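The values are calculated or read from the model by the stated rules, or taken from the named source; none is laboratory data. Source: prediction; values computed, not measured. All Cβ positions, glycine included, derive from the backbone under ideal geometry; neighbour counts span all protein chains shown.
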Amino acid sequence: MDLNEYAHDCHAANQHWWHHPKTGERLERNKGELLCLIHSEISECMEGERKDLMDDKLPHRKMAEVELADALIRIFDYAGAYGYDIEGAVREKRAYNAKRADHQAEARLAANGKRW
């Protein structure tokens, strides 16, 4: 399954969040709110890492791992909802990053270079 298929699948599985629970009418979701929900999953991941916690819903897994999965699900849902070509964008961005001068070791070691 490629990333666009994951996006389609996640969006299809999350339709209950995109429709009014009583009327079934399609909701206009606020993009800012949706992006903040993605961010909140990353913040929860940080908390799991900071405290080295196990997940409370999947107790055999690290909290950070599960929160990253939640972030991906939200990202794929978002991409699926808005028809984004997430597969193509990831492939192109990885190719671009592989050639970025500011990502090379010598640039990172230079004064004011990217450390992380």
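Sort out which residues of segment 33-66 are within 10 Å of the chain's Cα centre (by Cα) and either of a type in the set (D, E, K, R) or not assigned by TED's automatic domain parsing to the domain that holds Cys10 (or both), and write them in order of number.
The answer is Glu41, and nothing else.
Of the numbered conditions (1) more than 21 Å from Asp9 (Cα to Cα); (2) surrounded by 15 or more Cβ atoms within 10 Å (Cβ to Cβ), Ser40 satisfies every one except a single condition; which is it?
Answer for Ser40: the failing condition is (2).
Find all pairs meeting these conditions: Cβ atoms under 7 angstrom apart; at least six residues apart or on different chains; first residue within segment 5-22 and farther than 24 Å from Ala89 by Cα; second residue surrounded by 14 or more Cβ atoms within 10 Å (Cβ to Cβ) and among the small types (Gly, Ala, Ser).
So the pair list comes out as Trp18/Ala81.
Among the residues of segment 3-30, count how many are under 14 Å from Asp77 (Cβ atoms) and of a type in the set (Ser, Thr, Tyr).
1
Condition check: out of contact with any Phe, Trp or Tyr (no Cβ under 8 Å at 6 or more places or on another chain) and closer than 23 Å to Glu5 by Cβ. Does Ala64 satisfy that?
So Ala64 fails the test.
State which residue pairs qualify: first residue touching a residue at least 12 places away in the same chain (Cβ under 8 Å) and more than 19 Å from Cys45 (Cα to Cα) and inside segment 68-84, second residue assigned to a helix (DSSP H, G or I) and of a type outside the set (A, V, I, L, M, F, W, C) in any location, beta carbons under 6 Å apart, and separation of 6 or more residues or different chains.
Close Cβ pairs satisfying both conditions: Gly80/His8; Gly80/His11; Ala81/His11.
Within segment 35-57, is even one residue of a type outside the set (Gly, Ala, Ser) and at positive phi?
There is at least one residue in segment 35-57 that is of a type outside the set (Gly, Ala, Ser) and at positive phi.
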